[in-house]
Amino acid sequence: MDNGRLIVDKSDKHTVYIKGYPDSTVRPDQCITRAEVAMVFFRLSQDICQRDSTESAFSDVPCGAWFSQAVNTLAELGIIPGYEDGTFRPDNPITRAEFAALAARFDALEQVGGIAFHDVPAEHWVVECIRSAYAKNRSNCYEDGAYMSSQHIARAEVVRIINYMLERLPNELPDILINPYIDVFSAHWAFIHMMEASVEHTYNRDGEGVEFWTTHFCPVTGELLIHVDDYELLPSWLQ
């Protein structure tokens, strides 16, 4: 923990933090569930105590469920809360407000003023988190100026926010990258974001600080593919 937040991976290797489904889809426009969000942040953590919990913190999170370790660990650390009735509701879609609060626990709040959404009153429980995320370009409003805090958030939107938060923002992808999914293509607004989150790779940055991939592990074969001729651009463990 660092000032109450988890230390997330900012090394020269970007790990996978979102995965597709057995049918080779990733469903970018589908609402993300509370259990899926817990798994996302669990995968991103560097210093988290990843242990098998013998007791569940919630009545609806059975031990052995695919998400139980992530949920119980994050709940114990105060990162993702449950409800007053002792449930976690893992299959419930998470709202934009709930995700803004969760992301703020991983990223320092920025106190900003003058940013207003007509549907987010000053007394809203997560107003500071929403303002901070918007000021940092990590969240967006709708064309009519509404934030729609109670609306569910899509998987692609979550990935975009996290990529901005962690500065995982390549301008382009390697030509030889094999897309592991059958339902998201280059024309999709979040294609680069989804590939960045789904394919393990090493990276470097150009003179303007923009990320470019130096290698990646093929998501189909697992083969390590190198994209630069200058080996000094590779991480030390590959030189």
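The values are calculated or read from the model by the stated rules, or taken from the named source; none is laboratory data. These figures come from a predicted structure and were not determined experimentally. Here Cβ is always computed from backbone atoms with ideal geometry, including for glycine, and neighbour counts include all displayed protein chains.
The single condition among (1) farther than 13 Å from Pro28 by Cα; (2) at pLDDT 95 or above that Ile162 does not satisfy is (2). Considering only residues of region 183-213 that are free of Cβ contacts under 8 Å to residues at least 24 places away in the same chain and not in a loop (DSSP other than H, G, I, E, B), which is nearest to Leu44 (Cα to Cα)? Only one residue tops the list, namely Met195. Among residues of region 169-197 being under 20 Å from His227 (Cα atoms) and surrounded by 20 or more Cβ atoms within 10 Å (Cβ to Cβ), the one that is farthest from the chain's Cα centre (by Cα) is Met195. Scanning region 150-195 for residues that are in contact with a His (Cβ under 7 Å, 6 or more places away or on another chain) and under 29 Å from Arg105 (Cβ atoms) returns Ala156, Val159, Arg160, Asn163, Arg168. Applying the set (1) more than 30 Å from Ala187 (Cα to Cα); (2) modelled with pLDDT under 85 to Ser11 leaves exactly one unmet item: (1). Scanning region 92-131 for residues that are at pLDDT 70 or above and over 17 Å from the mean Cα position of the chain (by Cα) turns up Asn92, Phe117, Val120, Ala122, Glu123, Val126, Val127, Glu128, Arg131.
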